Amino acid sequence: MATLESLKGVGQASLRELKGAGIATLDDLMGYFPRDYEFRDKIVQFKDGFTFGAQQVKINTVCTVTGQEYFGQTFKQTLKITVSDGTGYASLICFGRNFLANTLKVGRKLFLSGVFQVRFGELQSSNFDYELYSEHPQFFGKILPIYPLSGKLTQNFLRKSVMQAYTLQGQYEENLIPEKLRQLNGLMERRDAIRNIHFPESKEKLEDAIRTLKYEEILLFEQNIKEAVKKRKVVKKRTVRLPRELQRKVASSLPFQLTDDQIEVIDQIYADSNLDESISRIIQGDVGCGKTLIGFLSALPYIEAGMQTAFIAPTELLAEQHVKTASRIFEGTGVRLAFLSGKLTGKKRELLLEALAKGEIDLLIGTHAVLSSNVVFKDLEFAIIDEQQRFGVIQRSALLEKGKQIDYIMMSATPIPRSLEMAFFGELKISTVRTMPPGRKPVITYTVKEGNEEKIYTWVRKELAMGHQAYFVYPLIDESEKMNLKNASQMHEMLSKEIFPEYKCALIHSKMKEEDKERIMTDFAAGQIQILIATSVVEVGVDVKTATCMEIEHAERFGLSSLHQLRGRVGRSELQAYTFLVFSNELTDHAKERLRIMKETNDGFEIAERDLKLRGPGDIAGVDQSGFMNFRLADIFEDIDLVKRIRKDLENL
Ligand code: ADP
Ligand code: MG
């Protein structure tokens, strides 16, 4: 089978970058869907650029270079190229691109595409892209995919790689949707859908492709749930009740009391373990409600009975944190604990795998590394999947294939509103943890109008003086992305140099290398960094008890679930914590309502429920709404009708 290495232009360095974006196979690459599209299928000429006044206009035209000149100071001159497309003239300002003088010579014919604006009485652009004129243009006249970038990945590289992957493998993809349902719903063949979601032939085909792949995604999810439910019907060989001595002992040795909900859920899981069927259960509870502990305590009856447990978490850092917690609470119990991540290699890994296969490890905590096929258990009977929405269906089944009749629980910090539970999970068992550990003070949330940041800084400074820490969150990484929004890089400069020079600040975002991110998070957790300036990467983060402040700028651009998840990073101890939601002037009604909800409640279930009510069609443009379930294409709110329809389709099948 072809691999990423077989693609032209993919070397060791790009392989590493792809891996950083979660792409390890050709399939991953084809499943790396565009986040947006650039429509170069319609011609927009220079004359159209003038009709919108001073606003920005996307031009897409065929033109000829008519002149070159330079402006600016003698030593920092900038090239300006003038072009004409027969309907008008425009200027291309080549900041840092003076080398274009060599290619864009007078008389050259081009396909030109860019964002233009009327300035100094002429149509100008410094944000443009061109292709030399030819019979068969690569981009002109097409709908181009815009991929989410991370690390050093570029659009061009991804476009070329995805195209090759499609030619090698994608065009031979088989349908996953049963033929009958595909026809019934007027869906595309899988291979056409894949091609069109990356390289749409037309807007209509793009829509069909998205509809098809959404259907497929939800169908697989629902089949998975169905399977989990069906699996329960199988009679189990376990004949004795699992012992609970160890569980009781550990629970009573904790430095705090379990909450009522924790006790109830642990009881539910234990009751399940004695049924004649293997169970799968979703444990949903807000961030910080103590799900980890539920997992560990629930593993103890299995461990006491001599069986093995696996606990998987989506990131190395999180898994490591769980290992620390586990070794603390299991101290002196004789529970044999091990940690497996991709970092463990060579002899050490071999020894661990040997011990695991012999049954000398009771509890294996790890990352995706646990799923690889050479990780073999002697008798895996219980599995805990933390942050379940971050694991795919396939990964989940890879884990479940490691034992015969595994009971498993899936932790979810993304509350599903009660009104949707049935639609999503059907008969899957759900436990809900609503109570928070005692002594926790609800985070106080302030909404602050843009321009009043000084006040927040003063507040944060007081907190820092008490030895506490703060997060500052911005929607963008740097200025290259979009205009008129604050970005983390610039604000890092400003906060570290001008506002808080006496404190240690650090920047963290998704384009950084995994190991750098981890180092910074570790230092922050250890208190060596006081201020973390971030994009929403901190959403799924670590538990830093002394972090008491979070400022989120352009808060109106975040969806409720993201805001709620972000806020969950503070208020994780008895210390009073604060969140400042900074909003800009032009707020839609829905944005106002979202901020109000955030101010009024800290309860994730209530927020999810109200989000559901609030959502109307057409409200989400430009707002990052990801989070509640993390489907790749589907959205649990918008696509609820599709979910219902698919459940019905499945029943009729
Ligand atoms: P989540 O549900 O988001 O995974 P965690 O399991 O990480 O939350 O728990 C958050 C914090 O709460 C941890 O530091 C944990 O030790 C603490 N905790 C859990 N249960 C209790 C409890 N009953 N009383 C006090 N603190 C608790
Ligand atoms: Mg957790």
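No value in this document is a laboratory result; all are computed from the given coordinates. Because the structure is predicted, anything quoted here is derived from the model rather than measured. Glycine also receives a Cβ, built like all others from the backbone with ideal geometry; neighbour counts cover every protein chain displayed.
Odds and ends about this structure:
- log10 of Debye I(q)/I(0), alpha-carbon scatterers only, for the chain at 0.05, 0.10 Å⁻¹: -0.27, -1.08
- Value of relative contact order over the chain, rounded to a whole percent, pairs C-alpha under 8 Å and six or more apart: 11 percent
- Summing +1 for each Lys or Arg and -1 for each Asp or Glu among the other residues whose beta-carbon sits under 14 angstrom from that of Gln395 gives -1.
- Taking Cα centre as origin and charging only the Cβ of basic (Lys, Arg, +1) and acidic (Asp, Glu, -1) residues, the dipole magnitude of the chain rounds to 700 debye.
- Protection-proxy order for peptides 512-520, 18-26, each taking the mean of Cβ atoms within 10 Å per residue, highest first: 18-26, 512-520
- When peptides 396-408, 497-509, 557-569 are sorted by average Cβ neighbour count within 10 Å, with the highest value leading, the order is 557-569, 396-408, 497-509.
- Total lysine pairs whose alpha carbons fall under 28 Å of each other in the range 191-315 (8 or more apart, or interchain): 15
- Per-peptide packing, taken as the mean over residues of other Cβ atoms within 10 Å, places 93-106, 139-152 in the sequence 139-152, 93-106 from highest down.
- Reach of Lys504 by Cα under 17 Å, taken over lysines that are not fewer than 8 positions away in the same chain: Lys462, Lys517
- Shape call, the range 245-414: gyration tensor on alpha carbons, a/c limit 1.5: rounded
- For the range 42-141, lysine pairs separated by 8 or more sequence positions, or belonging to different chains, with Cα-Cα distances below 24 Å total 12.
- Cα-based reach from Lys160 at 16 Å (exclusive), listing lysines while leaving out same-chain residues under 8 positions away: Lys8, Lys142, Lys152
- Of all beta bridges that DSSP places with both ends in the range 84-222, some 85 percent have antiparallel geometry.
- Each stretch of four or more DSSP H residues adds -39500 (n - 2.57); spread over every residue of the chain, this sum gives -11000 deg cm²/dmol at 222 nm.
- Anisotropy class of the range 444-601 from Cα gyration tensor, a/c 1.5 cut: rounded
- Cα gyration tensor shape for the range 42-141, rounded if a/c is under 1.5, else prolate or oblate: oblate
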